[in-house]
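Colleague: Questions regarding the structure given below will be posed in turn.
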Amino acid sequence: MSTFLPAPRTSSRRLPAWVRQAVLSANGGYCTYCGSDGTRAEVVDHVEPLEWGGANVISNLVPACRPCNASKRDRKPLEWRRSLERRHYAFKWWDDPPYPDYVLSYRAEGLLRTIAEAQDEVLELARPFQERAAERMKRQAAILAEDLLHLTERQQAEVREALLSLFSD
């Protein structure tokens, strides 16, 4: 019996600029995974990968540097840490270590706590952006509601159905 991997659930939709800004500002602008080295965050990482059922929501995003993001790939944080341990014990003394030692200095609980703190900070930094976005959406919804009054009942039903399909995804 073969085991099938879940189908990738990546979204072709780009993150809004304000989401990217909020995420990259969290953790002092440093990588969540190796930030103690002073490495600046350059990319937004999904903590729970989309390929494994993670959501494309702001609470699942943290700032990361390109090397950590590339190394983590589509793995969950603890799986990624275990893979680093395996590479650590396989590397030869004459080679440069494949990553900084402090990444392994994290215990599993410490890594998860660091990630949770970064996620909390992302949410806090995003709040003003979310409030402004909500206000814009309320204004647009009011305009749409007024425009609906000028449509036939059939057209109104089609618009409602289209709106409901947007929110069911």
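Colleague: Of all helices (runs of 4 or more DSSP H) completely enclosed by segment 56-119, which ones contain at least 1 residues that are over 17 Å from residue 24 (Cβ atoms) and modelled with pLDDT under 70?
Modeller: Result: 77-90, 101-105.
Colleague: Within segment 144-160, how many residues turn out to be surrounded by 10 or more Cβ atoms within 10 Å (Cβ to Cβ) and either aromatic (Phe, Trp, Tyr) or assigned to a helix (DSSP H, G or I) (or both)?
Modeller: Matching residues across segment 144-160 total 9.
Colleague: Could you tell me how many of the residues in segment 36-67 are touching a Gly at 6+ places or on another chain (Cβ under 9 Å) and not small (Gly, Ala, Ser)?
Modeller: Count: 7.
Colleague: Is one or more of the residues making up segment 45-54 surrounded by 16 or more Cβ atoms within 10 Å (Cβ to Cβ), in a strand (DSSP E or B) and either within 13 Å of the chain's Cα centre (by Cα) or not aromatic (Phe, Trp, Tyr) (or both)?
Modeller: yes
Colleague: Separate question: Within segment 10-55, track down each residue that is over 23 Å from residue 81 (Cβ atoms), among the charged types (D, E, K, R) and modelled with pLDDT under 85.
Modeller: 13, 14
Colleague: Here's another thing I want to ask about it. Pick from segment 16-44 the residues that are touching a residue at least 12 places away in the same chain (Cβ under 8 Å), assigned to a helix (DSSP H, G or I) and of a type in the set (A, V, I, L, M, F, W, C): which of them is surrounded by the fewest Cβ atoms within 10 Å (Cβ to Cβ)?
Modeller: Ranking the qualifying residues of segment 16-44, first place goes to 18.
The values are calculated or read from the model by the stated rules, or taken from the named source; none is laboratory data. Remember, predicted model here, so these are calculated numbers, not experimental data. When we count neighbours, we look across all protein chains shown, and the Cβ atoms used for this are built from the backbone with ideal geometry, even at glycine.
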